[in-house]
Amino acid sequence: MTTDTTVAIKQRDLYAEALSRLEDARRHCNIHPEVFERLRRPKAILMVSVPVRMDDGTLQVFEGYRVRHDDSRGPSKGGIRFHPQVDLSEVKALALWMTCKCAVVGIPYGGAKGGISVDPKKLSPMELERLSRSYVQQIADFIGPDVDIPAPDVYTTPRIMAWMADEYAKITRAKSPAVITGKPIAAGGSLGRDDATGRGAYYCVKELERIRGWTPGKTKVAVQGFGNAGQHFAALLAADGYSVVAISDSVGGLHCPTGIDVKAAIAAKNGGHTVPHLARDAAVTRGSPCKTITNAELLTLDVDILAPAALENQITIDNAAQVKAKVVVELANGPTTSSADKILHQRGVVVIPDILANAGGVTVSYFEWVQNRIGMAWEVEEVHNKLRTVMAREMTAVLQRAQRIGTDTRTAAYAHALDRLGEAIEAQGTAAFFASGANGDEA
Ligand code: NAD
C-alpha cells in the first residue's frame, strides 16, 4: 500500500468515525433531515503553508489547517494542535466534536479546530514562537472574536496563545484579546482556565459519586496522558481521597497499586522527568512497590475509573473487552472507537463521553471570552461555581436522556447536542419552515 493510499484511508476513517456518532444519535432526535445535511460537512476548510526561519538560518515550511465545522449557534470555537500526526481528517473530526461539545454544554459557540503537522519537541523556543506567529499570519482572515476563536490543545500552551493574540493585534492594529482563549492571566486570560478541562471532568465524576454513593478512598483511578487535562483531573480526585494508582505519558506508564502521590508526580513530570522515570522517585511512589507499565497495559488495569487523557483511538475493538474499569472518563478527544463503544456498553461500562467530559475547557474559554468582551475579570470562585453549575446540569441531562431513550451515554450526549443544533439551524430556516408558510410576521 502506498503512503498516499494509507493517508487517504486514515483521512476518510477519522471523520467518518466522528460522523457515525451523529448518525447513531439522529435516530433518537426529532430533527429535520436538512439539519443533518448541514452538519455532515464542515462549513469551511483552510489549508496553509507555514514558513519558519529556523535557528540555523534555513527555511522550513510546515502544513497547517483551520477547519470551521459549524457556526449556527455562535462563532466557531476550537483549539490548535501542534503534533506530527495532525492531518486534515483529524482536524475535521476535532472540529465536528467541538460543534457537538459546545452544544452539549449549551454555550453559544459553533465548532472549529486548527493544527500544524510538526513535532514541537524538536523546535527551540524561538522557532516555536516564529511558527506560532507565522501560523496566525496565514489564518488571520479566517479567525476573529465574532467569527472563529482558537485556544490551546495538545502541545500548545498559554504562552503560545499570548504570542498568537499579539500577532493578531499587530496584523489588525487593534487589541482584541477575545480572539483567542487560554491566554496567560497577564495577557487577558481567565482565572480557572488552567485546570478547567480536568475540573469539568472532575465535576462529572462528582455527579456519579453522588448518584452511586461511591467512597472516594475505595475508588481506584488510572490516567493515560499526564499533561494539562490528566494532571488536573488526577490532582482534584486525589485531593478528595481517590486513589490514583496509574499515570502515563508518551514514553510509558507507572503503576503503584497503593496509590501515587499526585502532587509529587506533577512536580517531577513538569520538572522535566518522564512518567516511567518517576518509578525511582520515592516522593511519588511513597516508598511503596511500583512498576513501570506500557500505555496499553494501563488501559486494562483493574481500576474503577479509567481516564484516557492523551490522544485518539486508544480503546479499540482489540482491547475494549479487557477494560476492567466500571467508568471511562474521556478527557481526550475521541479516545474510544465506535466499535469499542459497543463492547463497553454491552459490558456495562459507563462512558462519560469526550464531548461532555472534557467540555470544561471550552466552557471556561467561553467565560474568558465574556470577561474580555465586558472588560472585567472574575474571581476564581465565580469561575468554578459557574463551571460546576454547567457541568452538573448537563451531566444530569445526559444521564437522564440515556435512561429515557435506552442508549449508552455517548449516544444520549449526541442526541442532547443535536436537539440544540437542530433548534438553531431550524430557526435560521429549513424546508419545513418555508413549507408551513410561517414567515415570522408580527402582524
Ligand atoms: P498536553 O499536551 O498538556 O498533554 C498530553 C499528554 O499526553 C502528555 O503527557 C503526553 O506525554 C501524553 N501523550 C502523548 N502521546 C501519548 C501516547 N501515545 N500515550 C500516552 N500518553 C501520550 O495535552 P492536553 O491539553 O492535556 O490534552 C490531552 C487531551 O485532552 C487531548 O486529546 C486534547 O484534545 C484533550 N483536551 C484538552 C483540553 C485542554 O483544555 N487542555 C480541552 C479539551 C480536550
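Structure summary
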| item | result |
| --- | --- |
| Equivalent-ellipsoid semi-axes of the range 25-68, from the Cα gyration tensor, Å, largest first | 42, 9, 5 |
| Shape parameters for the range 46-114, alpha-carbon atoms, Rg then Dmax in Å | 14.5, 48 |
| Cα-only radius of gyration and Dmax that characterise the range 246-308, units Å | 10.6, 29 |
| Where Rh is the Kirkwood radius over Cα pairs, Rg/Rh for the range 285-443 | 1.10 |
| The range 221-325: radius of gyration over Cα atoms, expressed as a fraction of 2.2 N^0.38 Å | 0.96 |
| Computed Rg/Rh of the range 342-430, alpha carbon atoms with Kirkwood Rh | 1.07 |
| Top of 380, 390, 349 by mean-square fluctuation, Gaussian network on the chain, Cα under 10 Å | 380 |
| Helix-only CD estimate at 222 nm, as mean residue ellipticity for the chain, using -39500 (n - 2.57) per DSSP H run (n ≥ 4) | -14500 deg cm²/dmol |
| Axial C-alpha extent at least 20 Å, average Kyte-Doolittle at least 0.0 - helices from the chain (DSSP) | 88-104, 360-374 |
| Sorted by Cβ density within 10 Å, fewest first, the residues 329, 118 | 118, 329 |
| When the convex hull of its Cα atoms is projected in every direction, mean area for the range 119-229 (nm²) | 9.4 nm² |
| Cβ-based charge dipole, the chain, positive-most Cα from 162, 112, 358 | 358 |
| Value of D in µm² per second that Stokes-Einstein yields for the range 1-136, Kirkwood Rh from Cα pairs, at 10 °C (1.306 mPa s) | 98 µm²/s |
| Extension gain (nm, one decimal) between residue 141 and residue 389, 0.36 nm per residue minus Cα-Cα | 85.8 nm |
| C-alpha center-to-center spacing [the range 12-61, the range 249-283] in angstrom | 35 Å |
| Approximate spin-label separation residue 381-residue 40, in nm, with each point projected 7 Å along Cα-to-Cβ | 5.2 nm |
| Approximate spin-label separation residue 212-residue 346, in nm, with each point projected 7 Å along Cα-to-Cβ | 2.2 nm |
| GNM result for the chain, Cα springs below 10 Å: residue of 251, 362, 48 fluctuating most strongly | 251 |
| Across the chain: Cys residues that no other cysteine approaches within a C-beta distance under 4.7 Å | 29, 100, 102, 204 |
| Debye intensity ratio in log₁₀ form over the Cα atoms of the range 297-376, taken at each q of 0.16, 0.24, 0.25, 0.27 Å⁻¹ | -0.58, -1.06, -1.14, -1.29 |
| Rounded Å value of the spacing that divides the Cα centres of the range 354-396 and the range 169-224 | 8 Å |
| Debye intensity ratio I(q)/I(0), log10, the chain, q values 0.13, 0.14 Å⁻¹ (C-alpha model) | -1.21, -1.39 |
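Rule-based calculations on the coordinates, nothing more; no lab input. Not measured: the values here are computed from a predicted model. Methodologically, a virtual Cβ is constructed for each residue, glycine included, from the backbone with ideal geometry; neighbour enumeration extends over all protein chains shown.
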